[in-house]
Every structure is written in structure tokens, then in C-alpha cells.
């Protein structure tokens, strides 16, 4: 993947995790990175210019420190300080980027309403793939999980995930989750065996077609196919909890694309079982 990686930088500890992950990837793929940090925009208050100036100076010091910290990686690093809304400014900064990487603002269950909202909004609006790094030690996860549904966006997610798996020498875990049709009078979820068998068979066929051709492009890639019954986001989160990354597509369309995100990708970003990539 050619092009620059944009990294959203804040003073939070998770920001360092995001920088480290992105710089490591950039070094392996010979990409440049740009560290971008955003301070609040002007609202017209008395004395505001002095406050903003001080904030921008402090923010530039933060970026300079991060650039110095990763200098030994041998990756070209530039920095940029922006003023305004963080979501909007990061989306704009990544308009021509190959990848946008941010640390999560998710604070875990029971800690208020802001459950990774910045990551969700940025993933919905960015033109490039967005990677969100959780604020915790991920341990020794294995495999790159990708959610598959047969759509065009899903194909983009598969290609991104396959390239990551090949780069890392990890297996690609391709997952297609099917859910029986819900009917109000079927609270016990009793379905004919033939219907369930057909759903399973169709999902297996979609999965097989989706990964066909990967072996020719990535001859050393090991592909693990999984077809599961259940709710897609729950199943993917469960599998991804033991993986290095999970990759899903976003289904935003048309003029409202920047405000819309598919329910599966949104729910994964709301819980972050591991490093999560959303691909348009």
C-alpha cells in the first residue's frame, strides 16, 4: 500500500500505542507517517488567542517528542497541529492518506455515554481505512479476522486483511456469520432443518467465493474459513478477542456517508475486542 499513514496524536497513553503500531507498520511497508494533533477551535472569547497559542505550542512539543521517540524506526516522520473539531480535522488530514490510525477513546462499560464515539465518527467519514487501537495490553493474539458478507465493501476488507496477515505471517481467519430470519411468533427460534441447512450452505458458498484467488496473490497465506450462526458483531467480537486484528467493511453510502456506519462495524468499535480496522 503506497501513501502516507496519518496518526492522530493526543496526550493519552493509548496515543502512544497507536503511534507505535502505525510506525511499526510503516517501517515494514516503507511508508511515511504524519503525526497530527488537534487543539480546540476559536469561539471568540476574550483572551482566547493567547490560550490557543499556548495550546498549539504545547501540542507541537508533544508531537516533536513523539517524533523523536520513534526516530530509530527509520520512518520519515512529519508533524502537524490543527485547530478545530478533532473528528473533522483528522478526516480532512487523511483525505489523501493510505491509512488513518487513532487510539481509542473507549472507556469501557459503565463509564459514561462516550463509548468510542470519536472512532465511530472518524471511521464513518474517512475516505481511507481507519485503524483503532484499544487502550490496553493485547497480549499475544494470533490471526487476522475479517468479516465477510459478499458485498463489494467486504471485498475491500478481505484484501486489506489478507495483506496484513501476509505481512505479519499470521493466518487469515475469514468469518461469515448468518442469522435466521426473526419472526414475532417464533420466540423459541424453532426453524425447519432444511432452512437452516440451506442458510449454512449459502454462507459457506459466499465465503468460498470471497476468498477465491487469495492464494494466488499470497501463496504463503494460510486461510481459515469459519461459518457461524449468530449475531455478526457478537460472533466476530468473540473470535477477534484472541486475534491480533479484526477487519470489517463499512456500508455508508451517498451524501450521508460521513454520518453513517454499518451496525456491525459500529458495534465492534463500541467494544474493541482487539485492534480494529474499518475499510470503505
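Brief remarks on what is shown
- DSSP finds beta bridges in the chain, and of those with both partners inside it, around 10 percent are antiparallel.
- Over region 1-103, volume per residue of the alpha carbon convex hull, in Å³: 83 Å³
- Label-point gap, in nm, between residue 117 and residue 179 - each point 7 angstrom along Cα→Cβ: 2.4 nm
- Anisotropy class of region 139-280 from Cα gyration tensor, a/c 1.5 cut: prolate
- Fully extended contour minus Cα-Cα distance, from residue 229 to residue 51, at 0.36 nm per residue: 58.6 nm
- Helix 48-69 and the long axis of the chain differ in direction by around 60°, with both axes built from C-alpha atoms.
- Cα pair distances of region 164-234 binned at 5 Å [whole percent]: 3, 14, 21, 18, 15, 11, 7, 5, 4, 1
- Degrees, to the nearest 10: 13-29 long Cα axis against longest axis of the chain: 70 degrees
- Kirkwood hydrodynamic radius of the chain, from the reciprocal of the average inverse Cα-Cα distance over all distinct pairs: 20.0 Å.
- Tilt relative to the chain, helix 152-168 - C-alpha long axis, 0 to 90 degrees, to 10: 70 degrees
- Counting only DSSP H runs of at least 4 residues, each contributing -39500 (n - 2.57), and dividing by the residue count of the chain, the helix-based mean residue ellipticity at 222 nm comes to -13000 deg cm²/dmol.
- Gyration tensor verdict on region 116-158 (Cα atoms; rounded if a/c is under 1.5, prolate if a/b is larger than b/c, oblate otherwise): oblate
- The modelled label-to-label distance between residue 168 and residue 95, using points 7 Å beyond Cα along the C-beta direction, is 3.2 nm.
- Residue 58/residue 137 FRET efficiency (R0 35 Å; Cβ-Cβ; nearest 0.05): 0.80
- Here the spin labels are modelled as points 7 Å beyond Cα on the Cα-Cβ line, and at residue 72 and residue 202 they lie 5.5 nm apart.
Every number here is computed from the coordinates shown, using simple stated rules; none is lab data. Please read these numbers as outputs of a predicted model, since none were measured by experiment. All Cβ positions, even for glycine, are placed from backbone atoms using ideal geometry, and neighbour counts span all protein chains on display.
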